[in-house]
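Written out below as structure tokens is the structure these notes cover.
The values are calculated or read from the model by the stated rules, or taken from the named source; none is laboratory data. Keep in mind it's a predicted model, so treat the numbers as computed, not measured. All Cβ positions, even for glycine, are placed from backbone atoms using ideal geometry, and neighbour counts span all protein chains on display.
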There are 2 protein chains.
Amino acid sequence: MGLTKSEIFTEKQNHLAGVFKALAHPARIAILQHIMKQNACICNDLVGELGLAQATISQHLKELKNTGIIKGNIEGTSVCYCIDEKVWLKLKKELNAFFTDDMVANKCC
Amino acid sequence: MGLTKSEIFTEKQNHLAGVFKALAHPARIAILQHIMKQNACICNDLVGELGLAQATISQHLKELKNTGIIKGNIEGTSVCYCIDEKVWLKLKKELNAFFTDDMVANKCC
DNA sequence: TTTATTAATCGCAATATTGCAATATAGTAA
DNA sequence: TTACTATATTGCAATATTGCGATTAATAAA
């Protein structure tokens, strides 16, 4: 049906899946890496850097913004996007918890 | 077009995105958590636990198996799925690196 | 004002994902 | 053998995602 049955899962599970989903595209990975490399903010040099159309990149930025990972400041005619460090560290902790805390010694196969 | 232009990204970016994609569904999160909680392997008690049809769960398991996160051992008539610890730790490192190594002090917005 | 420039949004086509009923396959039990 | 159980696979419908051209909105420069 193409429609995820989110009602049957916990909020935490839906949230985690949502975070992973936001990162589940190479363009968005590339965008984040690009933002991280520049010690300063960048706007849409991305359009030049990545081989994607402006509309496409704008959409990916929107998705990243919707999940809170990045935030944008209008600077004159262009927009400056940066990682939201608070959110970033929170996500890092969450993912780490998923990979660690829930992991019980599991030796069978 | 619905078709990700993976040619224009690095292998690493595509790989990372692929890992995130495998985890980008609450059912797959739930399946992994379920496997982790049981100190032993489980098969398709999942069909009872989660509210999804057998065919659907089998498909999610297949996806997790394809990315290498879990592996399945045939045990008589049923199949025992477990986390592949080697892969799991590798992924944990990779994701951690993504969230840490590439992160440069980034104070602007 | 007019003209660029930057970025967001709209609308569409192509493709992917999700979910499930039905069926197929494989092993066990009788 | 037949019957049963557990999984996998197939085929389909509904929905989501990806990508982009075209347009729009907003600001800057002339």
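Selection over the range B:1-16 of residues that are within 10 Å of DNA strand C (Cβ to nearest atom) and either more than 9 Å from chain A (Cβ to nearest Cβ) or touching a residue at least 24 places away in the same chain (Cβ under 8 Å) (or both) gives a count of 3. Of B:Gly76, B:Gly51, B:Gly72, all but one fail to be within 11 Å of DNA strand C (Cβ to nearest atom), within 10 Å of another protein chain (Cβ to nearest Cβ) and of a type in the set (Gly, Ala, Ser); the exception is B:Gly51. One residue stands out in the range B:41-93 among those that are touching a residue at least 40 places away in the same chain (Cβ under 8 Å) and more than 13 Å from B:Ala22 (Cβ to Cβ): the one that is nearest to DNA strand D (Cβ to nearest atom), namely B:Tyr81. Of all residues in the range A:19-40, those satisfying the criterion of being surrounded by fewer than 22 Cβ atoms within 10 Å (Cβ to Cβ) and more than 16 Å from DNA strand D (Cβ to nearest atom) are A:Met36, A:Lys37, A:Gln38, A:Asn39, A:Ala40. The single condition among (1) part of a loop (DSSP other than H, G, I, E, B); (2) within 30 Å of A:His34 (Cα to Cα) that B:Gly51 does not meet is (2).
Residues that are within 8 Å of chain B (Cβ to nearest Cβ), modelled with pLDDT of 90 or more and in contact with a helix residue (DSSP H, G or I) (Cβ under 8 Å, 6 or more places away or on another chain) within the range A:33-47 comprise just one, A:Gln33. Only a single criterion out of (1) of a type outside the set (Ser, Thr, Tyr); (2) loosely packed, with under 14 Cβ neighbours inside 10 Å; (3) at positive phi; (4) modelled with pLDDT of 95 or more is not satisfied by B:Gly68, namely (2).
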